[in-house]
Amino acid sequence: TIKHPPTNPPPRPPPDARKKPP
Amino acid sequence: GPIILQTYRAIADYEKSSSTEMGVKAGDAVDVVEKSESGWWFCQQKNRRGWVPAAYLEPMDGPDESEEQEPNYAGELHVVRKGYTAAQEDEISLKEGETIEVIHKLLDGWWVVRKDEATGYYPSMYLQKAGEEK
């Protein structure tokens, strides 16, 4: 069974690894 | 028939911070089992499984634009349910109770919001559509 997702916001990767620039 | 899972690749190392999460290394291929609206995706890799932040994953077969919503520059009113202080340059700091406009809902759990003249990314799980009960 899949448990509930964590209740904290999912972290974002460091800017230089980001797939899409802001 | 068999269930075909979407395969994604990790764009950076992620170290898990709780037991239900799964850590990944940059370049790892993982199968996505469930995409939670929170931006946490339940993934599996061989015999490992757990939640991974969607922002660390990119589709193996080109961009997955079909699932991505278009920006709505008119904005959709939301109320801040929980304050958050920006940790990166492109994020925005907001306080609980503030009313803001959501202009782009992204699947990774970080939405683009506008408050007065400022825009930035904010955790979607801390926002609530204006006029709706929690």
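The values are calculated or read from the model by the stated rules, or taken from the named source; none is laboratory data. All figures in this text were calculated on a predicted structure; none of them were measured in a lab. Note that we place each Cβ from the backbone using ideal geometry, even for glycine, and neighbour counts take in every protein chain shown.
For B:Ala55, the conditions (1) facing another protein chain (nearest Cβ under 9 Å); (2) in contact with a helix residue (DSSP H, G or I) (Cβ under 8 Å, 6 or more places away or on another chain); (3) surrounded by 15 or more Cβ atoms within 10 Å (Cβ to Cβ) all hold with the exception of (2). Residues of region B:84-134 that are closer than 21 Å to A:Pro5 by Cβ, exposed (fewer than 15 other Cβ atoms within 10 Å of the Cβ) and within 12 Å of chain A (Cβ to nearest Cβ): B:Ala87 alone. B:Pro2 fails exactly one of the following numbered conditions: (1) of a type outside the set (A, V, I, L, M, F, W, C); (2) farther than 30 Å from B:Ala130 by Cβ; (3) without any contact (Cβ under 8 Å) to a residue 40 or more places away in the chain; (4) assigned to a strand (DSSP E or B). What is the number of that condition? Condition not satisfied by B:Pro2: (4). One residue stands out in region B:5-38 among those that are in a strand (DSSP E or B) and polar (S, T, N, Q): the one that is modelled with the highest pLDDT, namely B:Thr7. Quick one: in region B:25-47, which of the residues that are within 11 Å of chain A (Cβ to nearest Cβ) and among the charged types (D, E, K, R) is farthest from the chain's Cα centre (by Cα)? Looking at residues that are within 11 Å of chain A (Cβ to nearest Cβ) and among the charged types (D, E, K, R), I get B:Glu34.
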